[in-house]
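Asks: One structure is given below, represented as C-alpha cells, and several questions about it will come after.
The values are calculated or read from the model by the stated rules, or taken from the named source; none is laboratory data. In this text, all values refer to a predicted model and were calculated from it rather than measured experimentally. Note: ideal-geometry Cβ built from the backbone for every residue, glycine included; neighbour counts use all protein chains shown.
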Amino acid sequence: MVKNIKTIGDNVLRGKCRKVNNFGSERLNLLLRDMAETMYEENGIGLAAPQIGIRRRAIVIDIGEGLYEIINPEIVSLSDETIGMVEGCLSVPGRRGYVIRPEKLTLKAQDRLGEELIIEAEGLFARCIQHEMDHLDGVLYVDKMEYEVFEDEEDE
Ligand code: GNR
Ligand code: NI
C-alpha cells in the first residue's frame, strides 16, 4: 500500500530508529512492500522506514538497477575521498541542497530473512545509502548541506 510520506516538522523524522528484529515475519514483509510501493509511487530512489512513520532501521533503494532492501545497516568503512552532490528528499518537498559526503563506503546489513549482507557502494548508490542511513538517526540532508540549490539553477 502506498503510504503518506512524513515531512520535515514531523517528530517521527527526528528520532533514532530501533533495530528490526522480526525477520521472516509477515509484518516485516508488509513494511518492506509498503516502503517499495511508496518509493516507486513518489519517484524516489530511496526510502527509509521513518518516512512512512515507522521507527525501524529499514531502507529500500532503487537507483534504476533493481530493488535493494537494507536492514540494520552498519558502516564498515568510509572513503577518505569526499564528493559533493545536489540532494533532494521526499520528506523535504520542493527543496534541493548541495551535500558533501564520502564517495565510497562498505556496509554490513541484513536482508529480510536476517541473512548478512555486505555491500560495497560508490556513486549514486553510496550517496543514497548515506542519505537513508541518516534518516534512521533522525538526520535530514538540510542539517548537513553546504547551501540550498534553487529550482531555477538546476537546468543551467
Ligand atoms: O529520491 C531521492 N533522491 C535523492 C537524490 C540525491 C540524493 C539522495 C536522494 S534520496 C531521495 C529519496 C528520499 O528522500 N529518501 O530518503
Ligand atoms: Ni530522504
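Asks: Assess whether Ile54 counts as being of a type outside the set (Lys, Arg), more than 26 Å from Glu146 (Cα to Cα), in a loop (DSSP other than H, G, I, E, B) and at pLDDT 95 or above.
Replies: Taking the combined requirement at face value, the residue satisfies it.
Asks: Next question. Give the residues of the range 4-31 that are crowded, with 20+ Cβ neighbours inside 10 Å and under 22 Å from Gly64 (Cα atoms), sorted by residue number.
Replies: Listed by number, the residues that qualify are Ile5, Leu31.
Asks: Kindly list the number of the only condition in (1) in a loop (DSSP other than H, G, I, E, B); (2) out of contact with any helix residue (DSSP H, G or I) (no Cβ under 7 Å at 6 or more places or on another chain); (3) within 16 Å of ligand 2 (Cβ to nearest atom) that fails for Met133.
Replies: Among (1) in a loop (DSSP other than H, G, I, E, B); (2) out of contact with any helix residue (DSSP H, G or I) (no Cβ under 7 Å at 6 or more places or on another chain); (3) within 16 Å of ligand 2 (Cβ to nearest atom), the lone unmet condition for Met133 is (1).
Asks: Can I ask one more? Test of understanding: among Ile83, Ile61, which residue is at pLDDT 95 or above, touching an Asp or Glu at 6+ places or on another chain (Cβ under 7 Å) and more than 11 Å from ligand 1 (Cβ to nearest atom)?
Replies: Unique residue meeting the criteria: Ile83.
Asks: Check off (1) without any contact (Cβ under 8 Å) to a residue 24 or more places away in the chain; (2) within 21 Å of Lys3 (Cβ to Cβ) for Asp80 and give me the number that stays unchecked.
Replies: For Asp80, the exception is condition (2).
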